[in-house]
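Report on the structure given below.
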Amino acid sequence: MTQPDSSTPPTLIATTLADNIGTLLFNNPGKLNCLSHSLMEKFIEALPALEQQGARVIVIRAPAKSRVWSAGHDINELPEPRRDPLSYGDALERLLRKVQDCPVPVIAMVEGSVWGGACDLCCSCDMVIADDKATFAMTPAKIGIPYNPSGLMHFVNHIGVNKAKEMFFTAQPTSAQEAHNNGFVNAIVPADELEAYTYGRAAHIARNAPLAVRAIKAQFRLLSRGALIDAETAERIQSIRRRVYDSQDYAEGIRAFKEKRPPHFEGK
Ligand code: YXS
């Protein structure tokens, strides 16, 4: 990961792309990588740009050895009282949907403590891989914020209603081990192995058939809404799947398996 040079003001979000793996780095450690409007707008631009540049999987991370992965929404930028702090059009909600709707899998690589909206960001990712000292705290109740229905459902869907209630009601940090036990985190690894493990998982994803991976993510997204699937959504899912099983990659994947050789997927 190349760090921006000190002469120019640091970009709040730095991105790199190598071997079809995108990396999106929070680059504001002085402000504990808190989700300020300017950082969130840069994030909202950078994520789709990485996917359009050819990323088949994207890792979201903070600088190595961060004590705080992200301190959550910039509290100084929360709207004045009596206005909904987390309405559909607010930057945090647009950022979370950008991650959920990203056509390729997004992995949160977490070291340090994670707070508030940054926990919801982890929930919106497709996988969370953390070091054994990471913690996760949902603090709206501590700040007097009612949170919002879609955000609450992210946690209910991930860790179940009782553990979600405990996180929100206590507003206390959840340990990495507890987060792994309740399904919030896919894996915990020692800090010095975190990067190798995360990028190893990312490489497995990047080597698989991109159209199939995209179609599977799109189905997870549509099905994760939990509501009954109406006819049009069912047809939309079928059309997403048909594009894959009509593709050359689908034929290549099966042919390679029969010929006992690694598949070479071209995304078409
Ligand atoms: O006093 P200075 O100017 O140095 O600034 C301090 C903190 O005010 C600032 N800071 C923040 N500024 C804006 N928004 C934040 N979220 C935020 N967090 C911290 O950073 C400077 C260093 O903070 P300090 O002295 O407290 O550092 P520390 O090492 O003692 O403690 C680090 C934290 C992260 C444990 C502590 O700063 C903290 O608890 N921060 C608030 C975490 C939090 O509750 N985040 C949720 C934000 S609200 C949100 O995400 C959603 C809207 S919701 O609440 O609904 O989930």
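The values are calculated or read from the model by the stated rules, or taken from the named source; none is laboratory data. Because the structure is a prediction, the values reported are computed rather than measured. So basically every Cβ, Gly included, is an ideal-geometry build from the backbone, and we count neighbours across all protein chains shown. Ligands, DNA and RNA are excluded from the accessible area calculation, which covers all protein heavy atoms including side chains. Shrake-Rupley method; radii C 1.70, N 1.55, O 1.52, S 1.80 Å.
Just a few scattered comments:
- Listed by position, the helices (runs of 4 or more DSSP H) enclosed by segment 95-186 that each have at least 2 residues that are open to solvent by less than 50 Å² (accessible area, probe 1.4 Å) are 117-124, 149-159, 161-170, 176-181.
- Taken over segment 143-157, the criterion of being within 15 Å of the ligand (Cβ to nearest atom) and not hydrophobic (A, V, I, L, M, F, W, C) is satisfied by 144, 146, 147, 148, 149, 150, 151, 154.
- Some residue of segment 28-41 being away from the ligand (no atom under 11 Å from the Cβ), part of a loop (DSSP other than H, G, I, E, B) and either surrounded by fewer than 22 Cβ atoms within 10 Å (Cβ to Cβ) or among the aromatic types (Phe, Trp, Tyr) (or both): no
- The residue pairs whose first member lies in segment 50-73 and is small (Gly, Ala, Ser) and modelled with pLDDT of 95 or more, whose second member is assigned to a helix (DSSP H, G or I) and within 16 Å of the ligand (Cβ to nearest atom), and whose beta carbons are closer than 6 Å, counting only pairs six or more residues apart or on different chains, are 70/118; 72/117; 72/118.
- Positions within segment 111-128 being of a type outside the set (D, E, K, R) and within 14 Å of the ligand (Cβ to nearest atom), in sequence order: 112, 113, 114, 115, 116, 117, 118, 119, 121, 122, 123, 124
- Among residues of segment 136-165 that are modelled with pLDDT of 90 or more, those with a beta-carbon under 6 Å from a residue that is of a type in the set (S, T, N, Q) at least six positions away or on a different chain give the pairs 136/174; 159/182; 163/182.
- Residue 256 crowded, with 18+ Cβ neighbours inside 10 Å, small (Gly, Ala, Ser) and assigned to a helix (DSSP H, G or I): no
- Each residue in segment 214-233 was checked for being open to solvent by 80 Å² or more (accessible area, probe 1.4 Å) and touching an Asp or Glu at 6+ places or on another chain (Cβ under 9 Å), and 1 pass.
- Only one of 75, 58 that is away from the ligand (no atom under 11 Å from the Cβ) and more than 13 Å from residue 110 (Cα to Cα): 58
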